[in-house]
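Here the structure comes first, spelled out in structure tokens, and everything after it is commentary.
The values are calculated or read from the model by the stated rules, or taken from the named source; none is laboratory data. Being a predicted model, the structure only gives us computed values, none of them experimental. Using ideal geometry, Cβ is built from the backbone for each residue, glycine included, and neighbour counts are taken over all protein chains shown. Heavy atoms of the whole protein, side chains included, go into the accessibility calculation; ligands, DNA and RNA do not. Shrake-Rupley method; radii C 1.70, N 1.55, O 1.52, S 1.80 Å.
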Amino acid sequence: MSRRFARYSVILGITCLLAACGVQLRGTGGATLPPGGDKMHLVTGNPNGEFSQTVRTVFTTNGIQWTDKANVSYSLLLGPDRFNQTNLSLNREARVSQLELTMQTTFSVLDANGQEVMPDTTAVVMRQMENDPRNVMGKSEEIRILQSEMRTELAQQMIRRIGFFATSGK
């Protein structure tokens, strides 16, 4: 009985220490937006693209309501996502053994009057991965999965930057 109590006490103590130092589970610390900043309109060249859908999902998860331009507090101008794949190193057979994947986008925020509230900002996500030239199908699927994760991380980075910009008072 005392052993169980000691174990629960240690777990409770560690949990309290982690909470006290500000540790949060990923995705639980929503962005702080200005009053009325919870209604946005998305302006993009590809509204049905994968990146636009990911941005809508991530922002909705963080409390943003997407509306038409007439009932909007702010407009998010979203540029296209650009994906780049670079060879980092070669193996002894002169084949690529390591890749760097980069995804970036540019975005800005306008108010209801069309005035720029947040200037053009570039968000960048980079990943490195090992490459096995003998497993082409597996690597192409891994790259597809990484691209999806990178889109989500880009959208999360965007909402954090918007929240930081809004609370910094610029």
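The listed residues are Phe165, Phe107, and the only one of them that is assigned to a strand (DSSP E or B) and of a type in the set (Phe, Trp, Tyr) turns out to be Phe107. For segment 121-148, the set of residues classified as open to solvent by 50 Å² or more (accessible area, probe 1.4 Å), farther than 30 Å from Ser73 by Cβ, in a helix (DSSP H, G or I) and not aliphatic (A, V, I, L, M) consists of Ser140, Glu141, Glu142, Arg144, listed by residue number. Checking each residue in segment 73-119 for being in contact with a Pro (Cβ under 8 Å, 6 or more places away or on another chain) and under 20 Å from Ser52 (Cα atoms) picks out Thr105, Ser108. Reported count of residues in segment 101-159, each being within 23 Å of Thr57 (Cβ to Cβ), touching a Gly at 6+ places or on another chain (Cβ under 8 Å) and at pLDDT below 90, is 0.
Scanning segment 95-103 turns up one or more residues that are under 18 Å from Gly79 (Cα atoms) and not in a loop (DSSP other than H, G, I, E, B). For Thr86, the test of being over 14 Å from Ile159 (Cβ atoms), in contact with a strand residue (DSSP E or B) (Cβ under 7 Å, 6 or more places away or on another chain) and either open to solvent by 40 Å² or more (accessible area, probe 1.4 Å) or not in a strand (DSSP E or B) (or both) is passed.
Whether any residue in segment 59-82 is of a type in the set (Val, Ile, Thr), within 19 Å of the chain's Cα centre (by Cα) and not in a loop (DSSP other than H, G, I, E, B) is what I want to check.
Let us first name the residues in segment 59-82 that are of a type in the set (Val, Ile, Thr), namely 60-61, 64, 67, 72.
Next, only the ones that are within 19 Å of the chain's Cα centre (by Cα) stay: 60-61, 64.
Remaining after also requiring not in a loop (DSSP other than H, G, I, E, B): 60-61.
Checking segment 59-82: at least one residue is of a type in the set (Val, Ile, Thr), within 19 Å of the chain's Cα centre (by Cα) and not in a loop (DSSP other than H, G, I, E, B).
Restricting attention to segment 99-120, the residues that are within 24 Å of the chain's Cα centre (by Cα) and surrounded by 14 or more Cβ atoms within 10 Å (Cβ to Cβ) total 15. Selection within segment 65-83: residues that are at pLDDT 90 or above and within 13 Å of Ile162 (Cα to Cα). The member of this set that is most open to solvent (accessible area, probe 1.4 Å) is Leu77. Taken as a whole, the condition of being closer than 20 Å to Gly45 by Cα and open to solvent by 70 Å² or more (accessible area, probe 1.4 Å) does not apply to Ala155.
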